[in-house]
1. Taking the conditions exactly as written (more than 15 Å from the ligand (Cβ to nearest atom) and in the same structural domain as residue 147 (by TED's automatic domain parsing)), does residue 454 satisfy them or not?
2. Among the residues of the stretch 150-175, which ones are away from the ligand (no atom under 11 Å from the Cβ), farther than 27 Å from residue 258 by Cα and buried (at least 17 other Cβ atoms within 10 Å of the Cβ)?
3. In the set 378, 438, which member is more than 14 Å from the ligand (Cβ to nearest atom), surrounded by fewer than 21 Cβ atoms within 10 Å (Cβ to Cβ), assigned to a loop (DSSP other than H, G, I, E, B) and in the same structural domain as residue 295 (by TED's automatic domain parsing)?
4. Could you tell me how many of the residues in the stretch 176-198 are within 13 Å of the ligand (Cβ to nearest atom), buried (at least 24 other Cβ atoms within 10 Å of the Cβ) and assigned to a helix (DSSP H, G or I)?
5. Would you pick out the residues in the stretch 354-375 that are in a helix (DSSP H, G or I) and either away from the ligand (no atom under 16 Å from the Cβ) or not assigned by TED's automatic domain parsing to the domain that holds residue 419 (or both)?
6. With 463, 407, 412 as the choices, which residue is crowded, with 17+ Cβ neighbours inside 10 Å, over 22 Å from residue 248 (Cα atoms) and touching a residue at least 12 places away in the same chain (Cβ under 8 Å)?
7. Which ones in the stretch 468-485 are closer than 18 Å to residue 449 by Cβ and more than 11 Å from the ligand (Cβ to nearest atom)?
8. Taking strands (runs of 3 or more DSSP E) that fall entirely within the stretch 99-175, which contain at least 1 residues that are assigned by TED's automatic domain parsing to the domain that holds residue 197, within 23 Å of residue 68 (Cα to Cα) and under 20 Å from the mean Cα position of the chain (by Cα)?
Ligand code: NAD
(Lines give C-alpha, C1' and ligand atoms only; values in the text may rest on other atoms or scores of the structure.)
Protein backbone atom coordinates (compact mmCIF):
# COMPACT_ATOMS: atom_id res chain seq x y z
CA UNK A 1 0.00 0.00 0.00
CA UNK A 2 1.21 3.49 -0.81
CA UNK A 3 2.40 5.71 2.03
CA UNK A 4 0.27 8.83 2.70
CA UNK A 5 1.27 11.89 0.68
CA UNK A 6 2.43 14.86 2.75
CA UNK A 7 1.31 17.72 0.50
CA UNK A 8 2.85 20.47 2.60
CA UNK A 9 6.23 18.79 2.53
CA UNK A 10 6.06 18.29 -1.26
CA UNK A 11 5.10 21.97 -1.75
CA UNK A 12 8.08 23.06 0.36
CA UNK A 13 10.48 20.86 -1.58
CA UNK A 14 9.16 22.09 -4.94
CA UNK A 15 9.47 25.73 -3.83
CA UNK A 16 13.06 25.15 -2.78
CA UNK A 17 14.01 23.38 -6.02
CA UNK A 18 12.34 26.01 -8.22
CA UNK A 19 14.14 28.72 -6.29
CA UNK A 20 17.47 27.04 -7.01
CA UNK A 21 16.73 26.56 -10.72
CA UNK A 22 16.22 30.30 -11.32
CA UNK A 23 13.75 29.39 -14.08
CA UNK A 24 16.56 28.77 -16.60
CA UNK A 25 18.10 32.27 -16.25
CA UNK A 26 21.87 32.65 -15.77
CA UNK A 27 22.71 32.83 -12.11
CA UNK A 28 25.49 35.35 -12.60
CA UNK A 29 24.57 38.04 -15.07
CA UNK A 30 28.22 38.75 -15.88
CA UNK A 31 29.30 35.26 -16.88
CA UNK A 32 28.75 33.72 -20.29
CA UNK A 33 27.73 30.35 -18.93
CA UNK A 34 26.26 28.67 -15.93
CA UNK A 35 27.89 25.74 -14.24
CA UNK A 36 24.97 23.32 -13.89
CA UNK A 37 24.51 21.52 -10.62
CA UNK A 38 24.70 18.08 -12.23
CA UNK A 39 27.27 15.77 -10.66
CA UNK A 40 29.36 15.27 -13.80
CA UNK A 41 31.07 18.62 -13.58
CA UNK A 42 31.47 19.04 -9.85
CA UNK A 43 34.85 17.30 -9.91
CA UNK A 44 36.46 19.85 -12.20
CA UNK A 45 36.66 23.55 -11.48
CA UNK A 46 38.12 25.57 -14.33
CA UNK A 47 40.94 27.99 -13.49
CA UNK A 48 39.81 31.38 -12.30
CA UNK A 49 39.93 32.85 -15.81
CA UNK A 50 37.19 30.34 -16.80
CA UNK A 51 37.60 30.53 -20.54
CA UNK A 52 41.04 29.93 -22.07
CA UNK A 53 42.57 33.15 -23.24
CA UNK A 54 41.50 33.93 -26.81
CA UNK A 55 45.20 34.27 -27.63
CA UNK A 56 45.77 30.68 -26.59
CA UNK A 57 43.98 29.32 -29.63
CA UNK A 58 41.33 29.95 -32.20
CA UNK A 59 38.44 27.85 -33.46
CA UNK A 60 39.41 24.93 -31.26
CA UNK A 61 43.11 24.71 -32.16
CA UNK A 62 45.41 25.13 -29.15
CA UNK A 63 49.10 25.04 -28.36
CA UNK A 64 48.80 23.00 -25.20
CA UNK A 65 46.61 20.23 -23.83
CA UNK A 66 45.70 22.36 -20.81
CA UNK A 67 44.42 25.20 -22.99
CA UNK A 68 42.47 22.78 -25.18
CA UNK A 69 40.93 21.00 -22.18
CA UNK A 70 39.91 24.21 -20.42
CA UNK A 71 38.35 25.59 -23.58
CA UNK A 72 36.55 22.31 -24.28
CA UNK A 73 35.20 22.26 -20.74
CA UNK A 74 33.76 25.69 -21.32
CA UNK A 75 32.36 24.40 -24.63
CA UNK A 76 30.72 21.52 -22.75
CA UNK A 77 29.00 23.93 -20.36
CA UNK A 78 27.77 25.99 -23.28
CA UNK A 79 26.41 22.87 -24.97
CA UNK A 80 24.58 21.83 -21.80
CA UNK A 81 22.94 25.22 -21.70
CA UNK A 82 21.89 25.12 -25.35
CA UNK A 83 20.30 21.68 -25.05
CA UNK A 84 19.65 18.73 -27.32
CA UNK A 85 18.87 20.75 -30.44
CA UNK A 86 22.41 22.16 -30.40
CA UNK A 87 23.77 18.60 -30.39
CA UNK A 88 21.64 17.91 -33.47
CA UNK A 89 23.05 21.00 -35.14
CA UNK A 90 26.62 19.85 -34.48
CA UNK A 91 25.83 16.39 -35.84
CA UNK A 92 24.33 17.92 -38.99
CA UNK A 93 27.29 20.29 -39.44
CA UNK A 94 29.94 17.56 -39.14
CA UNK A 95 28.12 15.12 -41.41
CA UNK A 96 27.32 17.72 -44.06
CA UNK A 97 30.81 19.20 -44.09
CA UNK A 98 32.42 15.76 -44.47
CA UNK A 99 30.15 14.98 -47.37
CA UNK A 100 30.55 18.36 -49.06
CA UNK A 101 34.30 18.57 -48.60
CA UNK A 102 35.20 14.91 -49.05
CA UNK A 103 37.18 15.51 -52.26
CA UNK A 104 39.18 18.41 -50.85
CA UNK A 105 39.78 16.93 -47.39
CA UNK A 106 40.55 13.45 -48.73
CA UNK A 107 43.28 14.96 -50.88
CA UNK A 108 44.66 17.05 -48.01
CA UNK A 109 44.81 14.00 -45.72
CA UNK A 110 46.54 11.83 -48.33
CA UNK A 111 49.09 14.56 -49.10
CA UNK A 112 49.99 14.81 -45.43
CA UNK A 113 49.89 11.17 -44.32
CA UNK A 114 51.13 9.72 -47.61
CA UNK A 115 49.33 6.44 -46.96
CA UNK A 116 46.23 4.94 -48.55
CA UNK A 117 44.27 5.72 -51.71
CA UNK A 118 42.60 8.97 -52.71
CA UNK A 119 39.32 7.36 -53.86
CA UNK A 120 38.97 5.59 -50.52
CA UNK A 121 40.10 8.58 -48.44
CA UNK A 122 37.24 10.46 -50.13
CA UNK A 123 34.88 7.51 -49.71
CA UNK A 124 35.51 7.31 -45.95
CA UNK A 125 34.45 10.95 -45.55
CA UNK A 126 31.37 10.55 -47.73
CA UNK A 127 29.96 7.86 -45.43
CA UNK A 128 30.18 9.72 -42.09
CA UNK A 129 26.38 10.09 -42.39
CA UNK A 130 26.15 6.41 -41.38
CA UNK A 131 27.56 7.15 -37.92
CA UNK A 132 24.70 7.18 -35.41
CA UNK A 133 23.94 10.46 -33.66
CA UNK A 134 21.56 12.14 -31.27
CA UNK A 135 18.61 9.85 -32.07
CA UNK A 136 20.63 6.96 -30.64
CA UNK A 137 20.28 8.45 -27.15
CA UNK A 138 16.92 7.30 -25.86
CA UNK A 139 16.14 6.93 -22.18
CA UNK A 140 14.97 3.58 -20.84
CA UNK A 141 11.78 3.68 -18.81
CA UNK A 142 10.18 1.34 -16.31
CA UNK A 143 6.70 1.59 -14.94
CA UNK A 144 5.22 -0.53 -12.16
CA UNK A 145 3.33 -0.71 -8.90
CA UNK A 146 5.93 1.50 -7.23
CA UNK A 147 5.89 4.33 -9.75
CA UNK A 148 8.17 5.07 -12.67
CA UNK A 149 11.90 5.07 -13.21
CA UNK A 150 13.79 6.70 -16.04
CA UNK A 151 17.35 5.78 -16.93
CA UNK A 152 18.96 8.56 -18.88
CA UNK A 153 22.15 8.45 -20.94
CA UNK A 154 23.98 11.56 -19.82
CA UNK A 155 27.32 13.11 -20.75
CA UNK A 156 30.63 12.76 -18.92
CA UNK A 157 31.93 16.24 -19.78
CA UNK A 158 35.17 16.38 -21.74
CA UNK A 159 36.39 13.28 -23.61
CA UNK A 160 40.06 12.99 -24.58
CA UNK A 161 40.40 11.31 -27.99
CA UNK A 162 43.44 9.89 -29.78
CA UNK A 163 43.21 9.34 -33.54
CA UNK A 164 45.31 7.18 -35.89
CA UNK A 165 47.32 8.06 -38.98
CA UNK A 166 45.32 5.60 -41.05
CA UNK A 167 42.03 7.57 -41.05
CA UNK A 168 42.67 10.87 -39.33
CA UNK A 169 39.74 13.07 -40.40
CA UNK A 170 37.18 10.21 -40.65
CA UNK A 171 37.98 9.00 -37.11
CA UNK A 172 37.93 12.55 -35.80
CA UNK A 173 34.60 13.32 -37.50
CA UNK A 174 33.00 10.03 -36.43
CA UNK A 175 34.19 10.55 -32.85
CA UNK A 176 32.77 14.08 -32.80
CA UNK A 177 29.36 12.88 -33.97
CA UNK A 178 29.22 10.14 -31.31
CA UNK A 179 30.76 12.12 -28.48
CA UNK A 180 28.80 15.35 -28.98
CA UNK A 181 25.55 13.46 -29.68
CA UNK A 182 25.98 12.17 -26.13
CA UNK A 183 26.34 15.74 -24.88
CA UNK A 184 30.11 15.85 -24.35
CA UNK A 185 32.91 18.06 -25.61
CA UNK A 186 36.09 16.51 -27.00
CA UNK A 187 39.82 17.25 -27.16
CA UNK A 188 41.93 15.46 -29.77
CA UNK A 189 45.58 14.43 -29.78
CA UNK A 190 45.96 13.31 -33.40
CA UNK A 191 48.72 11.17 -34.89
CA UNK A 192 51.65 13.49 -35.67
CA UNK A 193 51.80 12.31 -39.30
CA UNK A 194 48.17 13.33 -39.90
CA UNK A 195 47.77 16.16 -37.39
CA UNK A 196 47.71 19.18 -39.72
CA UNK A 197 44.68 17.87 -41.60
CA UNK A 198 43.02 17.03 -38.27
CA UNK A 199 43.61 20.58 -36.98
CA UNK A 200 42.29 21.99 -40.26
CA UNK A 201 39.08 19.96 -39.92
CA UNK A 202 38.65 20.97 -36.26
CA UNK A 203 39.07 24.63 -37.23
CA UNK A 204 36.46 24.35 -39.98
CA UNK A 205 34.00 22.42 -37.81
CA UNK A 206 34.33 25.01 -35.04
CA UNK A 207 33.79 27.95 -37.35
CA UNK A 208 30.51 26.40 -38.47
CA UNK A 209 29.52 25.31 -34.94
CA UNK A 210 30.26 28.78 -33.55
CA UNK A 211 28.34 30.40 -36.39
CA UNK A 212 25.25 28.20 -36.05
CA UNK A 213 25.09 27.57 -32.31
CA UNK A 214 27.28 30.22 -30.71
CA UNK A 215 29.24 27.49 -28.90
CA UNK A 216 33.02 27.88 -28.95
CA UNK A 217 35.71 25.19 -28.76
CA UNK A 218 33.30 22.30 -28.27
CA UNK A 219 35.73 20.33 -30.36
CA UNK A 220 39.35 21.13 -29.55
CA UNK A 221 42.70 19.85 -30.67
CA UNK A 222 46.35 20.17 -29.74
CA UNK A 223 48.06 21.73 -32.73
CA UNK A 224 51.32 19.81 -32.44
CA UNK A 225 50.60 16.51 -30.72
CA UNK A 226 53.39 14.71 -28.92
CA UNK A 227 53.67 11.91 -26.38
CA UNK A 228 53.90 14.61 -23.71
CA UNK A 229 50.70 16.29 -24.89
CA UNK A 230 49.04 12.85 -24.82
CA UNK A 231 50.09 12.45 -21.18
CA UNK A 232 48.99 15.98 -20.34
CA UNK A 233 45.62 15.40 -22.00
CA UNK A 234 45.05 12.10 -20.21
CA UNK A 235 46.02 13.60 -16.86
CA UNK A 236 43.93 16.76 -17.17
CA UNK A 237 41.26 17.05 -14.51
CA UNK A 238 38.55 18.09 -16.98
CA UNK A 239 38.98 14.91 -19.04
CA UNK A 240 36.61 12.31 -17.67
CA UNK A 241 36.93 9.62 -20.31
CA UNK A 242 39.38 8.59 -23.02
CA UNK A 243 38.62 7.29 -26.51
CA UNK A 244 41.76 5.83 -28.04
CA UNK A 245 42.03 4.56 -31.61
CA UNK A 246 45.37 3.06 -32.55
CA UNK A 247 47.85 0.23 -32.16
CA UNK A 248 49.07 -1.73 -29.12
CA UNK A 249 51.38 1.04 -27.79
CA UNK A 250 48.72 3.68 -27.32
CA UNK A 251 46.18 1.18 -25.98
CA UNK A 252 48.64 0.12 -23.29
CA UNK A 253 49.55 3.73 -22.51
CA UNK A 254 45.88 4.72 -22.20
CA UNK A 255 45.08 1.82 -19.91
CA UNK A 256 47.91 2.86 -17.62
CA UNK A 257 46.59 6.39 -17.13
CA UNK A 258 44.12 5.39 -14.45
CA UNK A 259 41.28 7.04 -16.40
CA UNK A 260 38.49 5.04 -17.92
CA UNK A 261 39.56 4.35 -21.51
CA UNK A 262 37.52 3.12 -24.44
CA UNK A 263 40.19 1.50 -26.58
CA UNK A 264 39.82 0.78 -30.28
CA UNK A 265 42.92 -1.33 -30.66
CA UNK A 266 44.84 -3.23 -33.34
CA UNK A 267 43.65 -6.19 -35.39
CA UNK A 268 45.05 -8.79 -37.76
CA UNK A 269 41.86 -10.21 -39.26
CA UNK A 270 42.07 -13.79 -40.58
CA UNK A 271 39.78 -15.12 -43.32
CA UNK A 272 38.86 -18.80 -43.43
CA UNK A 273 37.54 -20.23 -46.71
CA UNK A 274 36.10 -23.75 -46.61
CA UNK A 275 34.95 -26.10 -49.36
CA UNK A 276 31.28 -25.13 -49.06
CA UNK A 277 31.99 -21.46 -49.89
CA UNK A 278 31.14 -19.68 -53.11
CA UNK A 279 34.75 -19.14 -54.24
CA UNK A 280 33.93 -16.32 -56.66
CA UNK A 281 32.18 -14.40 -53.90
CA UNK A 282 34.98 -15.19 -51.44
CA UNK A 283 37.68 -14.03 -53.89
CA UNK A 284 35.87 -10.80 -54.74
CA UNK A 285 35.14 -10.07 -51.07
CA UNK A 286 38.76 -10.67 -50.03
CA UNK A 287 39.99 -8.31 -52.74
CA UNK A 288 37.42 -5.65 -51.90
CA UNK A 289 38.25 -5.68 -48.19
CA UNK A 290 42.03 -6.11 -48.34
CA UNK A 291 42.50 -3.57 -51.12
CA UNK A 292 40.44 -0.88 -49.42
CA UNK A 293 42.63 2.16 -48.77
CA UNK A 294 45.64 -0.10 -49.46
CA UNK A 295 44.65 -2.33 -46.54
CA UNK A 296 44.83 0.36 -43.86
CA UNK A 297 41.54 -0.69 -42.25
CA UNK A 298 41.95 -2.36 -38.87
CA UNK A 299 39.08 -4.65 -39.93
CA UNK A 300 40.69 -5.36 -43.33
CA UNK A 301 41.42 -8.93 -44.43
CA UNK A 302 45.08 -9.57 -43.55
CA UNK A 303 45.60 -13.32 -44.17
CA UNK A 304 43.62 -16.14 -45.76
CA UNK A 305 43.44 -19.76 -44.63
CA UNK A 306 41.96 -21.93 -47.36
CA UNK A 307 41.06 -25.61 -47.22
CA UNK A 308 43.59 -27.53 -49.27
CA UNK A 309 40.98 -28.98 -51.62
CA UNK A 310 39.77 -25.54 -52.78
CA UNK A 311 42.90 -23.38 -52.21
CA UNK A 312 44.07 -23.53 -55.85
CA UNK A 313 40.58 -22.74 -57.13
CA UNK A 314 40.30 -19.84 -54.68
CA UNK A 315 43.61 -18.38 -55.86
CA UNK A 316 42.45 -18.87 -59.46
CA UNK A 317 39.27 -16.97 -58.62
CA UNK A 318 41.32 -14.19 -57.03
CA UNK A 319 43.39 -13.88 -60.22
CA UNK A 320 40.24 -13.85 -62.30
CA UNK A 321 38.89 -11.05 -60.11
CA UNK A 322 42.00 -8.95 -60.79
CA UNK A 323 44.48 -9.76 -58.01
CA UNK A 324 48.02 -10.64 -59.05
CA UNK A 325 49.83 -13.68 -57.69
CA UNK A 326 53.51 -13.41 -56.74
CA UNK A 327 55.83 -16.34 -57.37
CA UNK A 328 58.12 -17.54 -54.53
CA UNK A 329 61.05 -15.37 -55.56
CA UNK A 330 58.88 -12.25 -55.89
CA UNK A 331 57.37 -13.01 -52.48
CA UNK A 332 60.87 -13.33 -51.07
CA UNK A 333 61.89 -9.92 -52.47
CA UNK A 334 58.73 -8.28 -51.16
CA UNK A 335 59.21 -9.84 -47.72
CA UNK A 336 62.77 -8.49 -47.53
CA UNK A 337 61.51 -5.01 -48.44
CA UNK A 338 58.47 -5.13 -46.13
CA UNK A 339 60.15 -6.35 -42.92
CA UNK A 340 63.34 -6.01 -40.95
CA UNK A 341 64.21 -8.72 -38.48
CA UNK A 342 65.23 -7.78 -34.95
CA UNK A 343 67.01 -9.97 -32.42
CA UNK A 344 64.93 -12.87 -31.19
CA UNK A 345 62.24 -12.72 -28.55
CA UNK A 346 61.59 -15.62 -26.23
CA UNK A 347 62.66 -18.63 -28.26
CA UNK A 348 65.43 -16.61 -29.87
CA UNK A 349 63.75 -16.40 -33.30
CA UNK A 350 64.26 -13.17 -35.25
CA UNK A 351 61.17 -11.00 -34.87
CA UNK A 352 59.75 -9.28 -37.99
CA UNK A 353 59.12 -5.54 -37.80
CA UNK A 354 57.00 -3.93 -40.51
CA UNK A 355 58.82 -1.41 -42.69
CA UNK A 356 56.78 1.79 -42.22
CA UNK A 357 57.81 3.02 -45.69
CA UNK A 358 55.60 0.38 -47.30
CA UNK A 359 52.55 0.74 -45.04
CA UNK A 360 49.50 1.88 -47.01
CA UNK A 361 51.46 2.25 -50.23
CA UNK A 362 49.98 1.57 -53.68
CA UNK A 363 50.11 -1.87 -55.29
CA UNK A 364 52.54 -0.51 -57.90
CA UNK A 365 55.05 0.37 -55.14
CA UNK A 366 54.79 -3.10 -53.60
CA UNK A 367 55.03 -4.73 -57.01
CA UNK A 368 58.21 -2.78 -57.75
CA UNK A 369 59.67 -3.95 -54.45
CA UNK A 370 58.76 -7.51 -55.48
CA UNK A 371 60.48 -7.01 -58.84
CA UNK A 372 57.52 -6.88 -61.21
CA UNK A 373 55.32 -4.38 -62.98
CA UNK A 374 51.57 -4.59 -62.69
CA UNK A 375 48.84 -3.06 -64.87
CA UNK A 376 47.36 0.23 -63.67
CA UNK A 377 44.31 -0.31 -61.49
CA UNK A 378 45.57 -3.56 -59.93
CA UNK A 379 43.91 -3.78 -56.53
CA UNK A 380 45.81 -6.45 -54.65
CA UNK A 381 48.82 -8.76 -54.70
CA UNK A 382 48.80 -12.19 -53.08
CA UNK A 383 51.04 -15.23 -52.69
CA UNK A 384 50.91 -18.64 -51.14
CA UNK A 385 52.83 -18.74 -47.87
CA UNK A 386 53.13 -20.93 -44.81
CA UNK A 387 51.32 -20.10 -41.58
CA UNK A 388 54.38 -18.66 -39.84
CA UNK A 389 55.20 -16.15 -42.57
CA UNK A 390 55.69 -12.53 -41.35
CA UNK A 391 52.85 -11.42 -43.64
CA UNK A 392 50.57 -13.74 -41.63
CA UNK A 393 52.00 -12.87 -38.22
CA UNK A 394 52.16 -9.08 -38.48
CA UNK A 395 49.40 -6.51 -38.98
CA UNK A 396 51.08 -5.34 -42.17
CA UNK A 397 48.56 -2.85 -43.67
CA UNK A 398 49.69 -3.27 -47.30
CA UNK A 399 47.70 -4.26 -50.41
CA UNK A 400 49.11 -7.78 -50.27
CA UNK A 401 47.53 -10.84 -48.72
CA UNK A 402 49.11 -14.23 -47.94
CA UNK A 403 47.11 -17.40 -48.66
CA UNK A 404 47.85 -20.43 -46.45
CA UNK A 405 46.62 -23.98 -47.17
CA UNK A 406 45.07 -25.86 -44.26
CA UNK A 407 44.10 -29.53 -44.10
CA UNK A 408 40.84 -29.12 -42.19
CA UNK A 409 38.43 -26.54 -40.84
CA UNK A 410 39.73 -27.28 -37.33
CA UNK A 411 43.27 -26.48 -38.44
CA UNK A 412 42.03 -23.33 -40.22
CA UNK A 413 40.29 -22.16 -37.06
CA UNK A 414 43.37 -22.90 -34.94
CA UNK A 415 45.65 -21.00 -37.35
CA UNK A 416 43.18 -18.09 -37.52
CA UNK A 417 43.13 -17.92 -33.73
CA UNK A 418 46.92 -17.84 -33.66
CA UNK A 419 47.18 -15.16 -36.35
CA UNK A 420 44.56 -12.96 -34.66
CA UNK A 421 46.77 -12.74 -31.54
CA UNK A 422 43.69 -12.59 -29.28
CA UNK A 423 43.13 -8.97 -30.23
CA UNK A 424 39.47 -10.05 -30.39
CA UNK A 425 39.00 -7.61 -33.24
CA UNK A 426 37.69 -9.05 -36.53
CA UNK A 427 37.50 -12.44 -38.24
CA UNK A 428 35.82 -13.57 -41.41
CA UNK A 429 34.60 -16.88 -42.84
CA UNK A 430 33.41 -17.86 -46.29
CA UNK A 431 31.29 -20.96 -45.86
CA UNK A 432 27.77 -22.31 -46.11
CA UNK A 433 28.20 -24.67 -43.20
CA UNK A 434 26.68 -23.24 -40.03
CA UNK A 435 28.69 -25.63 -37.88
CA UNK A 436 31.92 -24.19 -39.28
CA UNK A 437 30.65 -20.66 -38.78
CA UNK A 438 29.62 -21.36 -35.19
CA UNK A 439 32.88 -23.11 -34.34
CA UNK A 440 34.96 -20.21 -35.68
CA UNK A 441 32.79 -17.57 -33.99
CA UNK A 442 33.18 -19.32 -30.64
CA UNK A 443 36.90 -20.02 -30.96
CA UNK A 444 37.99 -16.58 -32.14
CA UNK A 445 35.63 -14.56 -29.94
CA UNK A 446 36.16 -11.45 -32.07
CA UNK A 447 34.19 -8.21 -31.86
CA UNK A 448 33.24 -8.44 -35.55
CA UNK A 449 32.62 -11.81 -37.21
CA UNK A 450 31.64 -11.54 -40.86
CA UNK A 451 30.25 -14.37 -42.93
CA UNK A 452 30.32 -14.40 -46.73
CA UNK A 453 31.18 -10.77 -47.33
CA UNK A 454 34.04 -8.27 -47.21
CA UNK A 455 35.20 -6.84 -43.89
CA UNK A 456 33.33 -3.56 -44.33
CA UNK A 457 30.02 -5.44 -44.19
CA UNK A 458 30.74 -5.53 -40.45
CA UNK A 459 30.38 -1.75 -40.31
CA UNK A 460 27.08 -1.45 -42.15
CA UNK A 461 28.67 -1.13 -45.60
CA UNK A 462 27.00 -3.97 -47.46
CA UNK A 463 25.85 -5.62 -44.23
CA UNK A 464 23.30 -4.50 -41.64
CA UNK A 465 24.51 -2.21 -38.86
CA UNK A 466 25.95 1.21 -38.32
CA UNK A 467 29.34 2.79 -38.89
CA UNK A 468 32.10 3.93 -36.60
CA UNK A 469 35.83 4.29 -37.20
CA UNK A 470 36.54 3.37 -33.58
CA UNK A 471 35.79 -0.27 -32.77
CA UNK A 472 36.49 -0.77 -29.11
CA UNK A 473 38.03 -4.20 -28.99
CA UNK A 474 40.14 -4.84 -25.85
CA UNK A 475 37.82 -2.84 -23.62
CA UNK A 476 34.67 -4.43 -25.04
CA UNK A 477 32.37 -1.55 -26.01
CA UNK A 478 32.31 -2.80 -29.62
CA UNK A 479 31.47 -0.53 -32.54
CA UNK A 480 31.32 2.78 -30.69
CA UNK A 481 28.11 4.83 -30.79
CA UNK A 482 26.76 7.78 -28.80
CA UNK A 483 25.74 5.59 -25.85
CA UNK A 484 29.36 4.49 -25.48
CA UNK A 485 30.15 8.00 -24.27
CA UNK A 486 27.43 8.31 -21.66
CA UNK A 487 26.89 7.81 -17.96
CA UNK A 488 23.67 6.04 -17.10
CA UNK A 489 21.75 7.92 -14.44
CA UNK A 490 18.50 6.89 -12.83
CA UNK A 491 15.59 9.16 -11.99
CA UNK A 492 12.96 7.53 -9.76
CA UNK A 493 9.43 8.67 -8.93
CA UNK A 494 8.05 6.62 -6.07
CA UNK A 495 4.42 5.44 -6.05
CA UNK A 496 3.21 7.87 -8.69
CA UNK A 497 3.04 8.82 -12.38
CA UNK A 498 2.25 5.31 -13.57
CA UNK A 499 -0.69 6.16 -15.78
CA UNK A 500 -2.40 2.79 -16.35
P1 NAD B 1 49.58 4.16 -33.77
O2 NAD B 1 49.36 3.26 -32.62
O3 NAD B 1 50.95 4.35 -34.28
O4 NAD B 1 49.01 5.61 -33.44
C5 NAD B 1 47.69 5.80 -32.99
C6 NAD B 1 47.66 7.02 -32.09
O7 NAD B 1 48.32 6.73 -30.88
C8 NAD B 1 48.38 8.22 -32.66
O9 NAD B 1 47.68 9.39 -32.33
C10 NAD B 1 49.75 8.16 -32.00
O11 NAD B 1 50.36 9.42 -31.93
C12 NAD B 1 49.40 7.63 -30.63
N13 NAD B 1 50.42 6.83 -29.98
C14 NAD B 1 51.09 5.79 -30.50
N15 NAD B 1 51.86 5.22 -29.56
C16 NAD B 1 51.66 5.92 -28.40
C17 NAD B 1 52.14 5.83 -27.07
N18 NAD B 1 52.99 4.90 -26.71
N19 NAD B 1 51.69 6.74 -26.16
C20 NAD B 1 50.79 7.67 -26.52
N21 NAD B 1 50.30 7.80 -27.75
C22 NAD B 1 50.73 6.95 -28.69
O23 NAD B 1 48.62 3.61 -34.92
P24 NAD B 1 48.43 4.12 -36.41
O25 NAD B 1 49.51 3.58 -37.25
O26 NAD B 1 48.15 5.56 -36.44
O27 NAD B 1 47.08 3.36 -36.74
C28 NAD B 1 47.06 2.00 -37.05
C29 NAD B 1 46.75 1.15 -35.86
O30 NAD B 1 45.52 1.54 -35.28
C31 NAD B 1 46.58 -0.30 -36.25
O32 NAD B 1 47.08 -1.12 -35.25
C33 NAD B 1 45.08 -0.43 -36.40
O34 NAD B 1 44.60 -1.75 -36.26
C35 NAD B 1 44.61 0.44 -35.28
N36 NAD B 1 43.27 0.95 -35.53
C37 NAD B 1 42.26 0.43 -34.80
C38 NAD B 1 40.97 0.87 -35.04
C39 NAD B 1 39.81 0.30 -34.28
O40 NAD B 1 38.71 0.80 -34.45
N41 NAD B 1 39.98 -0.73 -33.47
C42 NAD B 1 40.72 1.85 -36.00
C43 NAD B 1 41.79 2.37 -36.70
C44 NAD B 1 43.07 1.91 -36.45
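1. Numbers: more than 15 Å from the ligand (Cβ to nearest atom): yes; in the same structural domain as residue 147 (by TED's automatic domain parsing): no.
Against the criterion (more than 15 Å from the ligand (Cβ to nearest atom) and in the same structural domain as residue 147 (by TED's automatic domain parsing)), residue 454 does not qualify.
2. Residue satisfying the conditions is 169 alone.
3. Numbers: 438 fails: assigned to a loop (DSSP other than H, G, I, E, B).
Sole residue among the options that is more than 14 Å from the ligand (Cβ to nearest atom), surrounded by fewer than 21 Cβ atoms within 10 Å (Cβ to Cβ), assigned to a loop (DSSP other than H, G, I, E, B) and in the same structural domain as residue 295 (by TED's automatic domain parsing): 378.
4. Total satisfying the criteria: 3.
5. 363, 364, 365, 366, 367, 368, 369, 370
6. The unique qualifying residue is 412.
7. Residue satisfying the conditions is 476 alone.
8. 147-155, 158-162
The values are calculated or read from the model by the stated rules, or taken from the named source; none is laboratory data. All values derive from a computational prediction rather than experimental measurement. Here the Cβ is made from the backbone with ideal geometry for all residues, glycine too, and neighbour counts use every protein chain on show.
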